[in-house]
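Notes to accompany the following structure.
The values are calculated or read from the model by the stated rules, or taken from the named source; none is laboratory data. Given the structure is predicted, the values throughout are model-derived calculations rather than measurements. Cβ atoms come from the backbone with ideal geometry, glycine included; neighbour counts cover every protein chain shown. Surface areas here come from the heavy atoms of the whole protein model, side chains and all, with no ligands, DNA or RNA. Shrake-Rupley method; radii C 1.70, N 1.55, O 1.52, S 1.80 Å.
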Amino acid sequence: MRITAVVIGAGQAGLAMSWWLAQRSIDHVVLERGEVANSWRTERWDSLRLLTPNWQSRLPGFGYDGDDPDGFRTMPQTVDFIARYARTISAPLETATRVTSVRATDEGYQVQTNRGDWRCRGVVLASGACNIASVPALSAAVPRSIAALTPMEYRNPDQLADGGVLVVGASATGIQLADEIHRSGRPLTLAVGEHVRVPRVYRGKDIQWWMDAAGVLDERYDQIDDIVRARNLPSLQLVGTPERTTLDLNALTSIGVKLVGRLAGIRDGKAQFSGSLKNHCALADLKMVRLLDTIDEWASANGIDAGVPPPHRFEPTKIDPAPPLEMDLTSGEIATILWTTGYRPDTSWLDVPVFDRKGRIRHDGGVIIDAPGMYLMGMPFLRRRKSSLIDGAGSDARDLSGHLKSFLDGGSG
Ligand SMILES: Cc1cc2nc3c(=O)[nH]c(=O)nc-3n(C[C@H](O)[C@H](O)[C@H](O)COP(=O)(O)OP(=O)(O)OC[C@H]3O[C@@H](n4cnc5c(N)ncnc54)[C@H](O)[C@@H]3O)c2cc1C
């Protein structure tokens, strides 16, 4: 089959791109291996809610029209939202269609699927940044008596054996699962490396409101000093709850979660934790203060001060002055390890030489290098700080569809 452009993936990124391609009259199809919003349907745990408020899930031509703009969607609500979007925009979808290879041809690309091949001039990779749980190589040394799990497999605490749990990684996923599992009666140890601490609510408003209003989320990839580092930053320690709870390390230790440093190695059945816990926490506290300073300066400069409570600061992270540096994984204290050490994309089906030495796709703000007509969506800080959020898909899709349009029209793009 021939078509002008193929979009791979029907999450928010692929659908926002579809909306923009339609606006620009670019004939296209959206190929999806599962159903629309497949990742939200199949790869998330039961209790998960979005950590971005309802008002912040803005897709092109589609905003929030309910009566709880400050609430946080559950997974069924998120799936419903994205599926409704696909219907509203009449996206040209082919579901149950798994892309098995993409190859360059003289005229563009050949996209092979389990349901036939497509030939096209433009390809948009919107297959997700979080297809695979990243698990460190040292996991191979975990004693066999311990069950190991990733967030892709975890659904709820009932799945776990009784006994202690070691959660490795303290970003959004790690802190949310640490909280849930500890509350289920399984004593929890959390290994904490670099993390980004933020309050849920500051001066009466959601932190996402401040970051959106102050322009932090709109910062562009080409205006950032160290984009490689910015793209690798851990996710914010945030949870979406009806109570708008702040879930930071202090909240976790207050319910009895034990904090240890970064998991640095496993030797002879013993987990070894780095002595950097204090430094990591101090750095996260400092960076939170810097963010709040930025917000306060913006509020003053923009006449917001009068309408909100005055600036204030939060208690520093409280840690044990001498946290344990070792834990015997053969003692029976730990029954389960949960690797909340991040996610990575799966582009194993992409047979075009666009990867760097670390296996990452080389791109300039989503325009894939050395692959004319090929684009990337949904990656962290792809074009803007918000690129991997639902709210970031629209502006990136607008820019990249514009680039594709000029490429198709014979311009340089
Ligand atoms: C645990 C978690 C919580 C998050 N919470 C929030 C939040 O609260 N707010 C927010 O804004 N963002 C959140 N995000 C970030 C982001 O919004 C999600 O990762 C979102 O799913 C990304 O959308 P996407 O369209 O880029 O990718 P995906 O939703 O992953 O969509 C990609 C689609 O491509 C399909 N696909 C993949 N490979 C193929 C193939 N070979 N052939 C055909 N189809 C394929 C997949 O089935 C999938 O449907 C969260 C991410 C995670 C992991």
Exercise for the section: For the stretch 92-148, build the charge dipole from Cβ charges (+1 Lys, Arg; -1 Asp, Glu) around the Cα centre, then report which of ALA126, GLY108, VAL142 sits farthest towards its positive end. Expected result: VAL142
Problem - Integer Hz, Karplus 6.51/-1.76/1.60 couplings in order for the stretch 317-322, x for Gly and Pro - result: 5, 8, 10, 4, x, 10
Handout entry: the stretch 239-321, relative contact order in percent, only Cα pairs under 8 angstrom and at least six apart counted
Key = 27 percent
Fill in the blank from the handout: Over the Cα atoms of the stretch 246-329 the radius of gyration and the largest Cα-Cα distance (Dmax), both in Å, equal 17.9, 60
Completion exercise
Note on the stretch 290-331: the mean projected area of its alpha-carbon convex hull, in nm², is 5.4 nm²
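Ranked from highest to lowest mean number of other Cβ atoms within 10 Å per residue, what is the order of the peptides 368-379, 256-267?
368-379, 256-267
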Exercise for the section: Summarise the accessible area of the chain (1.4 Å probe, protein heavy atoms) by the percent that is carbon and sulfur. Expected result: 49 percent
Handout entry: Relative packing of peptides 80-92, 170-182, 213-225 - highest average C-beta neighbours within 10 Å first
Key = 170-182, 80-92, 213-225
Exercise for the section: Holding the Cα-Cα limit at 29 Å, pick out from LYS287/LYS405; LYS205/LYS405; LYS205/LYS287; LYS358/LYS386; LYS258/LYS287; LYS270/LYS318 the pairs that are longer than that. Expected result: LYS287/LYS405; LYS205/LYS405
Problem - Residue-normalised accessible area of the chain, given per residue in Å² at a 1.4 Å probe - result: 44 Å²
Handout entry: Protection proxy ranking, peptides 349-360, 129-140, 391-402, average beta carbon neighbours within 10 Å, highest first
Key = 391-402, 129-140, 349-360
Fill in the blank from the handout: CD proxy, 222 nm, the chain: helix-only mean residue ellipticity via -39,500 (n - 2.57) per DSSP H run with n ≥ 4, per residue, nearest 500, stands at -7500 deg cm²/dmol
Exercise for the section: Please name whichever of ILE368, PHE273, GLY402 sits farthest to the positive end of the charge dipole of the chain, dipole taken about the Cα centre and charges placed at Cβ: Lys and Arg +1, Asp and Glu -1. Expected result: ILE368
Completion exercise
Amide H contacts under 5 Å for THR100, restricted to residues at least 5 apart in sequence or on another chain and with H modeled in the peptide plane, are GLN112, THR113, ASN114
Practice task
Evaluate the relative contact order of the chain (contact order divided by residue number), counting alpha-carbon pairs under 8 angstrom at least 6 apart; express in whole percent.
Solution key: 23 percent
Completion exercise
Expressed in angstrom, Rg and Dmax over the Cα atoms of the chain are 22.3, 67
Completion exercise
Measuring from its Cα centre, the chain shows a charge dipole (+1 at each Lys and Arg Cβ, -1 at each Asp and Glu Cβ) which, in debye to the nearest 20, is 500 debye
